[in-house]
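Heads up: the structure comes next, in structure tokens.
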Amino acid sequence: MAESDSTDFDLLWYLENLSDKEFQSFKKYLARKILDFKLPQFPLIQMTKEELANVLPISYEGQYIWNMLFSIFSMMRKEDLCRKIIGRRNRNQEACKAVMRRKFMLQWESHTFGKFHYKFFRDVSSDVFYILQLAYDSTSCYSANNLNVFLMGERASGKTMVINLAVLRWIKGEMWQNMISYVVHLTSHEINQMTNSSLAELIAKDWPDGQAPIADILSDPKKLLVILEDLDNIRFELNVNESALCSNSTQKVPIPVLLVSLLKRKMAPGCWFLISSRPTRGNNVKTFLKEVDCCTTLQLSNEKREIYFNSFFKDRQRASAALQLVHEDEILVGLCRVAILCWITCTVLKRQMDKGRDFQLCCQTPTDLHAHFLADALTSEAGLTANQYHLGLLKRLCLLAAGGLFLSTLNFSGEDLRCVGFTEADVSVLQAANILLPSSTHKDRYKFIHLNVQEFCTAIAFLMAVPNYLIPSGSREYKEKREQYSDFNQVFTFIFGLLNANRRRILETSFGYQLPMVDSFKWYSVGYMKHLDRDPEKLTHHMPLFYCLYENREEEFVKKIVDALMEVTVYLQSDKDMMVSLYCLDYCCHLRTLKLSVQRIFQNKEPLIRPTASQMKSLVYWREICSLFYTMESLQELHIFDNDLNGISERILSKALEHSSCKLRTLKLSYVSTASGFEDLLKALARNRSLTYLSINCTSISLNMFSLLHDILDEPTCQISHLRWSFALVAQARVQWHGLSSPQPLTSRFK
């Protein structure tokens, strides 16, 4: 860090460098500047240099004092004093870079995948850096006053890595030259530990001994970048009343008031913000995302995933084979949208290739991948030889994982590790194996390489029947939002994956241990499904179950589980949902009623010329779903609700409903929108010779549709004898129908 001069901020030293005549002129200039800056006035004409040097710091914030001094010295042509202030500011800018360099030392560089990820994100994040460069360039058309840039991404998508790289580029002079002079870095974890603070204290927290040049940092807010990581994890609600906001950087206020005052530029007006967050329904992000703000989402696209695999394998043939395996399954595609999970996938596939194994057969599911990852990491890469030690390590790891999830703990203290029986040597082994790593947010704590690995270890703990254990950190009263764990769906998905004998064998062979609870869990699962058959209301939708069964893929077991299902409800929001549903519905031999919701897949996605590859994939899955309406002999009733269909997806549905083999007797439509206004769909129903009951509920009905329905019901091929509309729609239709010159009843079939 650049050394400072003891007189850098010594007001008296500067004033004593003025002659008596210059000092009198200085006071006159100062009186005018105080007016220009709209600051409170005080009588200063009779003051001595010592008195003025004492009064100024208690009357005004430092940035105002030094900005006024610099301006006055410039007007008085005191170039030596101006140069001294400029020199001090330049040194402090370099000092800030040194502070940030120390804070942003990449923790991941000490791990196998850390160096690789550093290089990967550096190479593929040029589009994000380009956005960040333009956003903070006030001369750019992409910039705006008081701009916030939001960096969005799911867990472990690389938000922190991109921020680290951007700051390091700034430190090296590769970004934001002459645009950003100072960076203030805040994390949600730091903020969550505070109750009250001033802006000056917030800035100084990273500086040695808390001695930050606040006056220089705030002297030109338009060259100040405030980085706020993990906005979604902040424990405070930021709905602060405007009247409570504060403009004084030295005043201690509650943290929500301080943050909102900064974000609304009551403090440091004109500063820039870089905010990272996970996608969330919370209010904090929505509150501060303005129309002029910039929002960019981090995700491994197909193109970047290909770059990742090629970089990892350094062999195009191997990379291509691994990518093909991933792209053939939507679950694995979803897994590889996150860099760390991509690393785990590549690591496992490479080891299987190196061993000459058929990786396409032994790495079909996330359960396979995580089982191979744990088995290889604990029994080979760490250089261990004793099976008993391997098993003990695995049991303690699973005990820690399960205890953490049950008590909403993802960051573990040294005491937590010791309580489950880990020694320092064990922790070193787990670090070397990239299973437990130092937390990037919590000092002196460890966390699993990814939540998926902790969930997988918890699934093993269930089947091992390890005892419940209260880890010390679990008893903490306050839990950050990101540590609050309540959705065990992924854990149960992994449990079902491990019920498959081939997948389970990966662990059992490596550790020489049979998971004792497998048969009990299988027996309980089949019995529970038979119980649900007698009380179907207890299972309101089936997607979590279907994901479990898809992970298992043991044909006889899947048949036993779904054999009792006569009614199924599925919510389809992605290609992954459609793929999983197709697999399970194929085994539902006694299904009579299917309730189907399709959201966001086709909404506002009408292709301009022809469908993209991604749209084509969705349409193929949708066509397979619709084919069930005429291939499932037991299916009699179809409910379509909360659906948004574009033109192509509506036509696919219509063709399925008019198929000669379609045996549906009942069709219910609720909250459905279509591109054709139901014209294609209704015409298809006229050609269906088995459908006798049609219900249309809470769906916008046009006069044209009402007329079309009238004509269709009169078609000789139409077998519909029961028609049900919601009251609101009937009333709406009647109003429109009375506008016709010669109103007619819908059809003589309805009385």
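Can you pull out the residues in the stretch 660-671 that are within 12 Å of residue 687 (Cβ to Cβ) and surrounded by 17 or more Cβ atoms within 10 Å (Cβ to Cβ)?
Hit for the stretch 660-671 is 662, nothing else.
Can you go through 213, 208 and tell me which one is open to solvent by 50 Å² or more (accessible area, probe 1.4 Å) and touching a residue at least 24 places away in the same chain (Cβ under 8 Å)?
The unique qualifying residue is 208.
Those residues that are part of a loop (DSSP other than H, G, I, E, B), open to solvent by less than 30 Å² (accessible area, probe 1.4 Å) and either of a type in the set (Val, Ile, Thr) or modelled with pLDDT under 95 (or both), I need them from the stretch 177-197; list them, please. Show your work before the answer.
Filtering the stretch 177-197 down to residues part of a loop (DSSP other than H, G, I, E, B) leaves 177-181, 193-195.
With the extra rule that they be open to solvent by less than 30 Å² (accessible area, probe 1.4 Å), the set shrinks to 179-181.
Within the stretch 177-197, 179, 180 qualify.
If I filter the stretch 116-137 for residues that are crowded, with 18+ Cβ neighbours inside 10 Å, modelled with pLDDT of 95 or more and under 25 Å from the mean Cα position of the chain (by Cα), do I get at least one hit?
No - not one qualifying residue is present in the stretch 116-137.
Taking residue 574 as the residue in question, decide whether it is out of contact with any Phe, Trp or Tyr (no Cβ under 9 Å at 6 or more places or on another chain), polar (S, T, N, Q) and open to solvent by less than 50 Å² (accessible area, probe 1.4 Å).
So residue 574 fits the description; yes.
Condition test on residue 392, is it over 29 Å from the mean Cα position of the chain (by Cα) and in a loop (DSSP other than H, G, I, E, B)?
Answer is no for this residue.
Within the stretch 621-728, which strands (runs of 3 or more DSSP E) (wholly inside it) include 1 or more residues that are basic (Lys, Arg) and either more than 40 Å from the chain's Cα centre (by Cα) or assigned by the TED database to the domain that holds residue 328 (or both)? Walk me through it before giving the result.
Numbers: elements: 637-644, 666-673, 693-697, 722-725.
Strands (runs of 3 or more DSSP E) meeting the threshold: 722-725.
Please go through the stretch 76-100 and pick out each residue that is among the small types (Gly, Ala, Ser) and more than 14 Å from residue 207 (Cα to Cα).
Passing the criteria: only 87.
Taking the stated definitions as given, is residue 24 at pLDDT 90 or above, open to solvent by 20 Å² or more (accessible area, probe 1.4 Å) and touching a strand residue (DSSP E or B) at 6+ places or on another chain (Cβ under 8 Å)?
no
Please go through the stretch 441-479 and pick out each residue that is farther than 10 Å from residue 399 by Cα, of a type in the set (Ser, Thr, Tyr) and surrounded by fewer than 21 Cβ atoms within 10 Å (Cβ to Cβ).
Once the filter is applied, which keeps residues that are farther than 10 Å from residue 399 by Cα, of a type in the set (Ser, Thr, Tyr) and surrounded by fewer than 21 Cβ atoms within 10 Å (Cβ to Cβ), the stretch 441-479 yields 441, 475, 478.
Would you list the helices (runs of 4 or more DSSP H) that sit entirely within the stretch 247-319 and hold 3 or more residues that are open to solvent by 50 Å² or more (accessible area, probe 1.4 Å) and under 26 Å from residue 340 (Cα atoms)? Give the derivation first.
Working: elements: 255-263, 283-288, 302-313.
Passing ranges, in order: 302-313.
Right, residue 598: of a type in the set (A, V, I, L, M), in contact (Cβ under 8 Å) with a residue 60 or more places away in the chain and open to solvent by less than 20 Å² (accessible area, probe 1.4 Å) or not? Please lay out each step first, then the result.
Numbers: of a type in the set (A, V, I, L, M): yes; in contact (Cβ under 8 Å) with a residue 60 or more places away in the chain: no; open to solvent by less than 20 Å² (accessible area, probe 1.4 Å): yes.
For residue 598, the condition - of a type in the set (A, V, I, L, M), in contact (Cβ under 8 Å) with a residue 60 or more places away in the chain and open to solvent by less than 20 Å² (accessible area, probe 1.4 Å) - is not met.
Among the residues of the stretch 53-100, what is the count of those that are among the β-branched types (Val, Ile, Thr) and open to solvent by 30 Å² or more (accessible area, probe 1.4 Å)?
So the count comes out to 3.
Would you tally the residues in the stretch 409-445 being hydrophobic (A, V, I, L, M, F, W, C) and outside any loop (DSSP other than H, G, I, E, B)?
Counting residues in the stretch 409-445 that are hydrophobic (A, V, I, L, M, F, W, C) and outside any loop (DSSP other than H, G, I, E, B) gives 10.
Which ones in the stretch 147-169 are open to solvent by less than 10 Å² (accessible area, probe 1.4 Å) and in a helix (DSSP H, G or I)?
161, 162, 163, 165, 166, 167
Restricting attention to the stretch 527-543, which residues are assigned to a helix (DSSP H, G or I) and either loosely packed, with under 15 Cβ neighbours inside 10 Å or modelled with pLDDT under 80 (or both)?
Hits for the stretch 527-543 are 527, 528, 530, 531, 532, 533, 534, 536, 537, 538.
What's the number of the only condition in (1) open to solvent by 40 Å² or more (accessible area, probe 1.4 Å); (2) within 35 Å of the chain's Cα centre (by Cα) that residue 519 fails to meet?
In the conditions (1) open to solvent by 40 Å² or more (accessible area, probe 1.4 Å); (2) within 35 Å of the chain's Cα centre (by Cα), residue 519 misses (2) alone.
The values are calculated or read from the model by the stated rules, or taken from the named source; none is laboratory data. It should be emphasised that the depicted structure is a prediction, and the values quoted were computed from it without experimental measurement. Neighbour counts are summed over all protein chains in view; Cβ atoms, including those assigned to glycine, are modelled from backbone coordinates with ideal geometry. These area figures cover heavy atoms from the full protein model, side chains too; ligands, DNA and RNA do not enter into them. Shrake-Rupley method; radii C 1.70, N 1.55, O 1.52, S 1.80 Å.
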